[in-house]
Amino acid sequence: MTSRLLRRYFFVTDGRMNCSGTFHPSGAETQASATLHCSNGQRGVGPAAGTSSFAGAGTFRMDDGSDAIFQYGDAIRHE
């Protein structure tokens, strides 16, 4: 899995499928919104809770009803 986060834009791929989206980061303990579009036609939206100005996590609800986890910044290192 490869990912990249640039300000309000992110990109992730597993080598078979590519997904990208936008999010609006927030400060600690506030909600951010995020959207996701994938090369297989799936889309997702969901909130992400900021743990700091540079980290947070949330869950996308995809078109098919499945969930996809969204993590950024230091939140990734704590898994």
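The values are calculated or read from the model by the stated rules, or taken from the named source; none is laboratory data. Note that the coordinates shown come from a computational prediction; the quantities given were computed from them, not determined experimentally. Positions of Cβ are backbone-derived with ideal geometry, glycine not excepted, and every protein chain shown enters the neighbour counts.
Just the residues that are among the aromatic types (Phe, Trp, Tyr) and surrounded by fewer than 19 Cβ atoms within 10 Å (Cβ to Cβ), please, taken from the stretch 41-72.
As a first pass, look at the stretch 41-72 and keep what is among the aromatic types (Phe, Trp, Tyr): 54, 60, 70, 72.
The answer is Phe54, and nothing else.
Residue by residue through the stretch 1-17, note down the ones that are modelled with pLDDT of 70 or more and not in a loop (DSSP other than H, G, I, E, B).
Residues of the stretch 1-17 that are modelled with pLDDT of 70 or more, as a first pass: 8-17.
Of everything in the stretch 1-17, those that are modelled with pLDDT of 70 or more and not in a loop (DSSP other than H, G, I, E, B) turn out to be Tyr9, Phe10, Phe11, Val12, Thr13.
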